[in-house]
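The values are calculated or read from the model by the stated rules, or taken from the named source; none is laboratory data. Not measured: the values here are computed from a predicted model. Cβ placement follows ideal geometry from the backbone for every residue including glycine, while neighbour counts extend to all protein chains displayed. Note: accessible area is taken over every heavy atom of the protein model, side chains too, but ligands, DNA and RNA are not part of it. Shrake-Rupley method; radii C 1.70, N 1.55, O 1.52, S 1.80 Å.
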Amino acid sequence: MTENNEARIGVFVCHCGHNIAGTVDVKEVAEMASKLPGVVFSTDEMFMCSDAGQVLIREKIKELNLNRVVVASCSPRMHEPTFRRVVEEAGMNRYLFDQVNLREHVSWCHMREPELATEKAKDLVRMSVARAAKLENLPVKRVNVLPSTLVVGGGIAGLRATLDIAERGFDVILVEKNSELGGNVGNWTHLFPSNQSGVDVIVPLIKTIKKNKRVKILLDSKVSAFEGYIGNFNVTVKNLNTEKEEKFEVGTVVITTGFEPFEPKGYYGYGESPDILTLAELQKLPPSDTLLVPSTGKPVKKLVFIGCVGSREPGVKGHEHCSRHCCSATAKAAGDLRDRVDEALVLYQDIRTYGSGHEELHRLARKKHVIYSKFPKDNKPKVTVKKGKIKLTWFDVLAGENLEFEPDMVVLSTAMIPPDDVEETSHLFSLTRSGDGFFNPEHIKLAPLTTHTAGVMIAGAAQAAKNASESVIDASGAAAKAVGLMAQGEVEIESTVAHVLPDLCSSCHTCLTACPYGAITMDVEHDPPVAVVTEAKCHSCGTCAAACPSSAIVMYHSTDDQILTMVEAFLCPAPEAEGGGSA
Amino acid sequence: MTVAETVTKQKEWEPKIMAYCCNWCSYAGADLAGTSRIQYPTNARILRVNCTGRISPEFILAALEMGADGVLVSGCHPGDCHYTSGNLKARARWAMMETAIEQAGVDPRRVRLQWASASEAQIFADGVRTLTEQVRKLGPIAREWK
């Protein structure tokens, strides 16, 4: 943008129905914005992201020759891509758009203070308008996408994703840390709602994958290093036995690292008797027509399941979530085993058999006279083990009575928690995690399979507690995302990289040590040698720009000037911009 | 400005807080605070940067000089940075910056460095509340400049 090309800014304030307008006086905000320097148009609209809102932006850009657009609506983490596309369709560079977050950061968190919220909204719009005036055109860059995918984790989700991608004609490197494929599902004797064993489901999948020439399977292996950017990742895979490392180049990544069953130490006498086991351990017992008591080898007569073990515990970090699979898995197991025991009880906090065919399992278990007894969430059942005998006491909510029972076997339906190396994975691929410890998707509703690391997808229980069918749905979805990128062969990348101004560089090397990616080197051809950024390696964190003592580094789209002008607009607004009109 | 407005402004001083948040953790945490309808003081104005590593001490000093009563810097937990280590650089600069502002006559209680992940909406909101209340007790910044 040349200097004589003055900013002509359009400001669009969104009501978001009642979401913003219910708290913030959007008309007052738009009115204030209309008086700001550079603003040639300002309005408020019901839904800026709707077709009508988008058309309005495009029309006004053309009609008034706008060269900057500010939309004050929801979080840019949600709709920045939408509005960037809109301005681009009207011939404006996407980097000349700026978004103000009036919903997540104002109306929703200040619902009881409409006046102060409106003040805050005005400040934020004023800051954004000031920034907009300083925004600059940046080129839109495209890079090639290598036609191969790294799949991390060979459980049911990883296998499905691998097969989907390979069958569409792209190479897959499947990395599994264990010595065999199949993950948790492979261990299970009974899957709900079908009557198949895990092996029935997994083995054919593995066979088909092994026949596919496009798939390279690396067992006993882990990803040890990961760098690069969407379309062009460099992966190092280490064999855990030989410690040998192998390097690969891939275009996309699907993370299917799944879960591990929670080991409920300290819960319901777990560990005090071999006859108290988890549902996962029950599933791993050798197949037999009769269910045998582990300690005595005699047939089980009285069987008890306890639900929500390590799940749904408010205030306990990593255990607050519902593990989703356990109610249905318990109903299936209790219903199946009811025929082989005299009595089967399920002690539960709530029953959530939400999936297709799951409620039928619950109904079948009840029809077979599995006894369901509800306990209060703040008064959990107590298990005591004396001389090998298990005694269970609890309060039954519906009967309003204290009950007791002496089972031969107790099965704890434990939580799904992330695998113990989840932190390692999250650092390798720069993934953030949610409160339950699993990986965050890019957006929970709009982009549940992609992550904030462009080119890296997540599927299955890597994202949250899920059952096998849901994991497979995810896996096919994530595979489609990866294939979509690779089939196009090219993808747009952000142009917001660091740039060294050679004339200002004092060759001090500070930025070289600040950069986490080794993206800055010294250009020895230059006399004197100056720092230079390899743009493809730059992830645009801006650490170098903040570290440079000579202010020789410009962070495109996040320049010092663009940042400080916002600070100034907030704290030292020009009098006419205060909202009261010119004096 | 009308007389009535001037009077109101003098009567109800509200701390002005400049908040620098990284895009990946704290800005997202603030988004989640909104989505979860967690209510917190309106005083902070959030400015989004990619990483706390982008925040030069100059940005904090400039905000104080321009009249911010407090400055909040909020990023990913150490070890959880989207860019591996930008937040560690921010933390290292922080120690130096705190000394600098103290020497300039600014109470270091006016600045706050905190870690709040994308899922820690409550921690983010609590941080804004803590700093706002702290600054409210200290009064407007103009009093302190030496």
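In table form, for the structure just shown:
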read-out	value
Helix A:468-488 axis, angle to chain A major axis (alpha carbon atoms, nearest 10°)	30
Range in chain A, longest, excluding exposed trypsin sites (Lys or Arg not before Pro) [loop by DSSP; at most 13 other beta-carbon atoms within 10 Å]	A:446-583
Segment A:Asn402-A:Lys210, extension gain: residue separation times 0.36 nm, minus the distance between their alpha carbons	63.6 nm
Surface per residue (accessible, 1.4 Å probe) for the range A:498-556, Å²	47
FRET efficiency for A:Glu360 and B:His77, using Cβ-Cβ distance with R0 set to 41 Å, rounded to 0.05	0.40
Size of charge dipole - chain B - debye, nearest 20, with Cβ of Lys, Arg +1 and Asp, Glu -1, no other charges	60
Rounded Å value of the spacing that divides the Cα centres of the range A:231-249 and the range A:402-458	25
Positive-end residue, the protein assembly as shown charge dipole about Cα centroid, Cβ charges, pick of A:Ala454, A:Gly518, A:Gly269	A:Gly269
Solvent-accessible area of A:Val145 with every protein chain in place, 1.4 Å probe, in Å² to the nearest 10	10
Buried on assembly, the range A:101-117 (at least 30 Å² less accessible surface than by itself, 1.4 Å probe)	A:Glu104, A:His105, A:Trp108, A:Cys109, A:His110, A:Met111, A:Arg112, A:Leu116
Under 23 Å from A:Lys177, Cα to Cα: lysines that are on another chain or at least 8 residues apart	A:Lys207, A:Lys210, A:Lys211, A:Lys213, A:Lys216, A:Lys222, A:Lys238, A:Lys244, A:Lys247, A:Lys284, A:Lys466
Estimated FRET transfer efficiency (A:Lys62, B:Glu65; beta-carbon r; R0 45 Å; 0.05)	0.60
Buried on assembly, the range A:432-446 (at least 30 Å² less accessible surface than by itself, 1.4 Å probe)	A:Thr432
Relative contact order of chain A, pairs being alpha-carbon contacts under 8 Å that are 6 or more residues apart, as %	14
The protein assembly as shown, helix-only ellipticity at 222 nm - DSSP H runs n ≥ 4, -39,500 (n - 2.57), divided by all residues, nearest 500	-9500 deg cm²/dmol
Set of lysines with alpha-carbon distance to A:Lys27 below 28 Å, sequence-local pairs under 8 removed	A:Lys35, A:Lys60, A:Lys62, A:Lys120, A:Lys122, A:Lys134, B:Lys9, B:Lys11, B:Lys16
Sulfur and carbon atoms: percent of accessible area, the range A:261-417 [1.4 Å]	53
Accessible area expressed per residue, the range A:9-138, with surrounding protein chains retained (probe 1.4 Å, Å²)	35
Vicinal HN-Hα couplings computed from phi for the range A:170-187 (Karplus, 6.51 cos²θ - 1.76 cosθ + 1.60; Hz; Gly/Pro x)	10, 6, 10, 10, 9, 10, 10, 6, 7, 7, 9, 7, x, x, 5, 4, x, 8
Sparse-neighbour loop sites [GluC sites (Glu not before Pro); the range A:199-257; at most 14 other C-beta within 10 Å; DSSP]	A:Glu243
At least 20 Å along the helix axis (C-alpha) and Kyte average at least -1.0, DSSP helices within chain B	B:86-103, B:121-138
Those residues of the range B:38-84 for which accessible area with every protein chain present is at least 50 Å² below the isolated value (1.4 Å probe)	B:Gln39, B:Tyr40, B:Thr42, B:Arg45, B:Leu47, B:Arg48, B:Arg54, B:Phe59, B:Met66, B:His82, B:Tyr83
Student exercise, chain A dipole from Lys, Arg, Asp, Glu Cβ charges, in Debye to nearest 20	2260
A:Leu116 paired with A:Lys389, simple spin-label distance in nm, labels 7 Å along Cα-to-beta-carbon	6.3
Average accessible area per residue (Å²) across the range A:292-428 - probe 1.4 Å, nucleic acids and ligands excluded	49
Solvent accessible area, Å² - A:Ser434, 1.4 Å probe, full protein context	30
Exposure ranking of A:Glu535, A:Glu176, B:Glu120 by accessible area [1.4 Å probe, largest first]	A:Glu535, B:Glu120, A:Glu176
Among beta bridges that DSSP assigns inside the range A:261-417, antiparallel share in %, nearest 5	40
Residue order for A:Met409, A:Met522 - accessible surface, 1.4 angstrom probe, largest first	A:Met522, A:Met409
Between helix A:76-89 and chain A: long-axis angle, C-alpha atoms, 0 to 90°, nearest 10	50
A/B buried area, accessible surface, summed, 1.4 Å probe, Å²	4500
In degrees, nearest ten, helix A:560-571 long axis to first principal axis of chain A (Cα)	90
Charge dipole magnitude, Cβ of K and R +1, D and E -1 - the range A:88-151, Cα centre, debye nearest 20	200
Under 13 Å from A:Lys537, Cα to Cα: aspartates and glutamates that are on another chain or at least 8 residues apart	A:Glu227, A:Glu494
Residues in the range A:485-500 that a label on A:Glu525 would reach, taking backbone N under 17 Å of a point 7 Å out along Cα→Cβ	A:500
Cα gyration tensor category, rounded, prolate or oblate, for the range B:1-126 with a/c compared to 1.5	oblate
With all protein chains modelled, accessible area of A:Asp44 [1.4 Å, Å²]	30
The range A:261-417: relative contact order in percent, alpha carbon pairs under 8 Å with at least 6 residues between	33
Heavy-atom accessible area ranking, 1.4 Å probe, most first, across A:Ser179, A:Ser194	A:Ser179, A:Ser194
Segment A:Glu535-A:Glu320, length gained on full extension (0.36 nm per residue, minus Cα span)	73.2 nm
